[in-house]
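Participant: Below is a structure I'd like to ask you about.
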Amino acid sequence: MRIGIALPNTTTGTSAPVMRAWAKRAEERGFAFVSTIGRVPYPSYDSLTALAVVAGATSHIGLTTNAVLAPTYPDAVLAKITGTLAQLSGDRLTLGLGVGARASDYLPAERDFAGRGAAFDRQLEYLHAAWRGEAVEDGDFPGERRAVVPGGGTVPVLIGGHGARAVRRTARWGAGWTGAGGGPRRAEPMVGRVREAWSAAGRAGEPRLLGLAYFCAAGDAASAEASDRYVRGYYAYAGEHADTIADGVVRTPRRIRGIVDEFAAIGVNELTFTPTIARPDEVDRLADLVL
């Protein structure tokens, strides 16, 4: 099991110094990667920009978006930004991509919410062609073979979502799949379906399967209250599902250690612990429990 820790890029009370200190400490303590979550209108730090700053503050820790809402970006812009970040970070980027469930993320981006699924399918093909330097219609150089960054290359993609389309996209385009909040119980059906589709598609090896666990390791009542308030606020749009996610936050040493075993038992091979309070000492607390 590869274990990572998310940056507190959406967490209440975060700041630039906290984000940099968090990433440096995560690398020092031996986490495999740092990750991000994100929404467009929510008051938070942008995932790709945050990871670019973190890349400059660290030397080898992996960088994972979990997940960027790909159709909120123009295809060529997303290809350029992600190709740049991948190369300038020394190929440390794993790009978790999804479509999201909130129209409010698409309105300020001036993108079509209803057509996001079809747009994502077209975008996945475009991204892979552009990263490799294959011919794409880019307006100024139609049909010309042109890498979006010097040297070309590719970026591993983890596909987000819990439906049939996510399974299909993973088998065709993904290095694997990434799950949202909801714990092992919500992830388990997708893990099995992704593995089956991966095998049926003749893909070599096994897919990367990334689980997500929200945590608060501080242990005091005030921190637990702040943690719960943040999670319920962030997922307020989701109605009753917000309660499921909030109730699934692991906050005791026993539950934090146990969630690793629970995800491993369903076949997840990567796990990111996502913070619910923005205190850098949470990195050390978590590392002491799971590394």
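The values are calculated or read from the model by the stated rules, or taken from the named source; none is laboratory data. Nothing here was measured: the structure is a model prediction, and the numbers come from that model. In this analysis, Cβ positions are derived from the backbone assuming ideal geometry, glycine residues included, and neighbour counts consider all displayed protein chains. The area values use the complete protein model at the heavy-atom level, side chains included, leaving out ligands, DNA and RNA. Shrake-Rupley method; radii C 1.70, N 1.55, O 1.52, S 1.80 Å.
Participant: Just to confirm, what accessible area per residue do you get for the stretch 1-86 at 1.4 Å probe, in whole Å²?
Facilitator: On the way: 3070 Å² over 86 residues.
In whole numbers, the stretch 1-86 has 36 Å² accessible per residue.
Participant: Relative to the compact-globule scaling 2.2 N^0.38 Å, provide the ratio for the alpha-carbon radius of gyration of the stretch 1-154.
Facilitator: So the stretch 1-154 has a normalised radius of gyration of 1.08.
Participant: Moving on to the next point. ARG172 to ILE266: FRET efficiency via 1/(1 + (r/R0)^6), r the Cβ-Cβ distance, R0 22 Å, to the nearest 0.05? Walk me through the numbers before you get to the answer.
Facilitator: Details: r = 23 Å, r/R0 = 1.05.
Calculated transfer efficiency: 0.40.
Participant: Shifting gears a bit: Express the carbon and sulfur contribution to the solvent-accessible surface of the stretch 1-121 as a percent, rounded to the nearest whole number, probe 1.4 angstrom.
Facilitator: On the way: 2680 of 4750 Å².
Carbon and sulfur: 56 percent of the exposed surface of the stretch 1-121.
Participant: Across the Cα atoms of the stretch 209-291, what radius of gyration and what greatest pairwise Cα-Cα distance (Dmax) are found, in Å?
Facilitator: Rg then Dmax for the stretch 209-291, in Å: 12.6, 35.
Participant: Modelled label-to-label distance, HIS128 and ALA76, 7 Å Cα→beta-carbon offset: nm?
Facilitator: 2.2 nm
Participant: Next question, about the same structure. Just to check I understand the Karplus step: with θ = phi - 60° and J = 6.51 cos²θ - 1.76 cosθ + 1.60, what whole-Hz values come out for the stretch 112-125, glycine and proline as x?
Facilitator: 7, 6, 5, x, 5, x, 5, 5, 5, 4, 5, 5, 4, 5
Participant: Something else: Name the long-range amide H neighbours of GLY160: under 5 Å, sequence gap of 5 or more, or other chain; modelled H, no Pro or chain starts.
Facilitator: LEU97, GLY98, THR178
Participant: Compute the label zone of LEU291 within the stretch 1-36: residues whose backbone N is under 12 Å from the point 7 Å along Cα-to-Cβ.
Facilitator: Those under the cut-off are 3-6, 22-34.
Participant: Show the residues, 5+ positions off or on another chain, whose built amide H is closer than 5 Å to the amide H of VAL148.
Facilitator: Placed amide hydrogens put GLY133 under 5 Å from VAL148.
Participant: Explain nothing, just compute: Karplus ³J(HN,Hα) = 6.51 cos²θ - 1.76 cosθ + 1.60, θ = phi - 60°, for every residue of the stretch 282-291 in order, whole Hz, x for Gly and Pro.
Facilitator: Whole-Hz 3J(HN,Hα) from phi for the stretch 282-291: 4, 4, 5, 4, 5, 4, 4, 8, 10, 10.
Participant: Give the whole-number value, in cubic angstrom per residue, of the convex hull volume spanned by the C-alpha atoms of the chain.
Facilitator: Details: hull volume 36.9 nm³, N = 291.
Here the figure is 127 Å³ per residue.
Participant: If you take the Cα Rg of the stretch 51-139 and divide it by 2.2 N^0.38 Å, with N the number of residues, what do you get? Walk me through the intermediate numbers first.
Facilitator: Working: Rg = 13.8 Å, N = 89, 2.2 N^0.38 = 12.1 Å.
The value comes to 1.14.
Participant: Right, next: Counting DSSP beta bridges with both partners in the chain, what percentage is antiparallel, nearest 5? Each step should come with its number before you reach the end.
Facilitator: Numbers: 1 of 32 bridges.
Antiparallel bridges make up about 5 percent of those DSSP assigns within the chain.
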